[in-house]
1. Would you work out the relative contact order for the range 80-159, in percent, from Cα pairs under 8 angstrom that are 6 or more residues apart?
2. Go through Lys71/Lys307; Lys189/Lys216; Lys158/Lys216; Lys295/Lys380 and tell me which ones have a Cα-Cα distance over 21 Å in this structure.
3. Find the centroid of the Cα atoms in the range 179-200 and in the range 363-398, then give the distance between the two in whole Å.
4. What figure, in Å² to the nearest 10, do you get for the accessible area of Lys71 with a 1.4 Å probe and non-protein molecules left out?
5. Diagonalise the Cα gyration tensor of the range 255-382 and give the resulting equivalent ellipsoid semi-axes, square root of 5 times each eigenvalue, largest first, whole Å.
6. Which of the peptides 372-378, 294-300, 120-126 is most tightly packed, and how do the rest follow, going by the mean number of other Cβ atoms within 10 Å of each residue?
7. Once the Cα gyration tensor of the range 96-167 is diagonalised, what are the square roots of 5 times its eigenvalues, in whole Å and ordered largest first, as equivalent ellipsoid semi-axes?
8. What figure, in Å² to the nearest 10, do you get for the accessible area of Asp231 with a 1.4 Å probe and non-protein molecules left out?
Amino acid sequence: MALTVLQGALGVSLGVLVFATYFWNKLDCTGNCDYYTGVAAINRSANPPTTQLFIVKTEKENIGLHPGTYKELTLNDFDTSGFQVHFSERTCVYNPGIYFVNNQAYLVARLEGKNGSLWTSCPERSLTTPFPCPVKTLRMISFVVTCTLSSSLSPTSKLEGLEFNFRWDRVVTKTNERQLGPEDPRIFKWGSSHYVAVNGPPIRDVSNGRNVRCMKIQQIFPNKGPPIDLDLIGSLDRIEKNWSPISEHLDGYLFSRTLDPHRIVVCNHSGICSNLVSTNHSLFFKNWMRVWNLKAIHLGTNAVRLKSGHYMAILHGIGADVSREYLNFVYVFRGSSPWEIIGLGSEPLALPVGSIMSGYTFTTNLVLQSEKAIICYCVKDRTSSFFVTTIKNLTSSLRQIS
């Protein structure tokens, strides 16, 4: 099915992919490949010819960073002088993303604060509105923050926090459910406006006394708007997170809600969502997870539209061992119904860890510029990190899935 789809998209006869049971042999076609402005390259030196996925896209915006550049920002790189809520135990700025307006780069990230057992001052709605904490057993509070960036991705303005309704009257503080605020912002453009999709904060589910973290969208440019809950017609799981923004669709916006099965939902501006379609590769993913010793796989970054019409994003898998290491893989899915996943990286991305020296990497946003790709991620929930690579390098391990 996936092979037929790619043949139709390119109008060429693709070679035969060589599978090792349910996994792939790595293809090296240096100097022997025909490249297309689409999603495939044919290695004609092989007998029979073999096929590797390559992807190209053009964007107007451009920044002065070369492939191979690693940029790391930590709390000390930001001007937080405008904040009136401070944290005594730990403050980090991570889960970054960037977007461009008229060649001006903007950062969107997550600021997380911890106070240990000293929760005396809390944010009523923002980092500039402190008030006495109504709850003393919190674990952490998060915010979406933003600032402008230079062409080298250095902050050029004060860090500004978005307002958020924490719903203090509904907070439940059981065990590990003691965290409030928006997490893991993914950036997307809807019409002429830029938004973030986040999950949280907890909302009291009276029926079972548990917290429900729901997805929200919030406009960030040209104006900053209030968070809007995404309400899925039917049912929501207790924890809804990691929805991946895709694109506009008729009168709404498309999101990937889960990876396996690949569930697509469409939401309107009021936050009312409905299931659109679902495709399943459970047997493949089961075997693939066994190869990489993963206990779970989740959606990661926003999806970016390719010139071929398909979409590309990065997922993350969680290791089954005690380290719970995150592994990040590129994947590609069709750009029209049923939006099934057709390509997956045979190797995890090797992302720099910078000053942290070691620890997991977690990808949250992906930006394409001409033939460059900017991967936005954090290291061990401590950094706002950016790695610039080429589209060719990013997609060199993509393989079709059956």
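1. On the way: 151 pairs, mean separation 25.8, N = 80.
Reported relative contact order: 32 percent.
2. On the way: Lys71/Lys307 27 Å; Lys189/Lys216 15 Å; Lys158/Lys216 25 Å; Lys295/Lys380 19 Å.
The pairs that break the limit, which is 21 Å between Cα atoms, are Lys71/Lys307; Lys158/Lys216.
3. Spelled out, the Cα-based centre of one part sits 19 Å from the other.
4. About 50 Å², rounded to the nearest 10.
5. Over the Cα atoms of the range 255-382, the ellipsoid semi-axes are 25, 19, 15 Å.
6. Ranking, from highest mean packing down: 372-378, 294-300, 120-126.
7. Each semi-axis is the square root of five times an eigenvalue, giving 30, 11, 9 Å.
8. 80 Å²
The values are calculated or read from the model by the stated rules, or taken from the named source; none is laboratory data. Model, not experiment: these values are computed from the prediction. Here the Cβ is made from the backbone with ideal geometry for all residues, glycine too, and neighbour counts use every protein chain on show. Just so you know, the surface numbers come from the protein's heavy atoms only, side chains and all, with ligands and any DNA or RNA stripped out. Shrake-Rupley method; radii C 1.70, N 1.55, O 1.52, S 1.80 Å.
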